[in-house]
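Step one of this worksheet: look at the structure below.
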């Protein structure tokens, strides 16, 4: 039996209450776990039946991290080719009151792409996945 979806608070981008650098990690993650405004999401068709799923573009991930995790950085840790795929490992680092925290993720992209280029697309995937490890848009991966 499917469980009901959790109702989430939406992200708020209030200039009067812009988050400051060095907040507690739990506070940063609480903000990143909030529902992303629909206007920031895009949709892509994932199968021949026309099933559409929401996703957050990489440049919106950067906007959100800039807002809620000021001082964050990203670092490409490695770029490798395996067969006809590019594999990029990327690290996001967020400064918090308790210290500096990082998450790493990989992005994989086939050599033949409809848009962009293989390594840029793999980097974008890695960025989104590393940000999801801090909570950003993680609910978008929910299969229910």
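For P(r) over Cα pairs in 10 Å bins from 0, in percent, the choices are (i) 9, 29, 38, 15, 6, 3, 0; (ii) 11, 37, 34, 16, 2, 0; (iii) 11, 46, 35, 7, 0; which was calculated from the structure?
Derived directly from the coordinates: (ii).
If you average the alpha carbon positions of segment 124-141 and of segment 35-52, how far apart do those two centres end up, in angstrom?
15 Å
What is the extension gain from residue 117 to residue 140, computed as 0.36 nm multiplied by their sequence separation minus the C-alpha to C-alpha distance, in nm to one decimal?
On the way: separation 23, 0.36 × 23 = 8.28 nm, distance 2.43 nm.
Extending this stretch completely gives an extra 5.9 nm.
With the Cα gyration tensor of segment 6-75 in hand, give its eigenvalues times 5 under a square root as the equivalent ellipsoid semi-axes, listed largest first in whole angstrom.
Working: eigenvalues 145, 39, 24 Å².
Largest first, segment 6-75 gives 27, 14, 11 Å.
If neighbour count is taken as other Cβ atoms inside 10 Å, put 82, 58 in order from fewest to most. All intermediate terms of the calculation are to be shown ahead of the outcome.
Numbers: 82 8, 58 17.
Going from sparsest to densest Cβ surroundings: 82, 58.
Taking neighbour counts of Cβ atoms within 10 Å as a proxy for exposure, in what order, fewest first, do 89, 100 appear? Present the calculation step by step, with values, prior to reporting the outcome.
Working: 89 18, 100 11.
Exposure proxy ranking, most exposed first: 100, 89.
Throughout, read-outs are computed from the coordinates displayed, never taken from laboratory work. For clarity, every value in this text was computed on a predicted model and none was experimentally measured. Methodologically, a virtual Cβ is constructed for each residue, glycine included, from the backbone with ideal geometry; neighbour enumeration extends over all protein chains shown.
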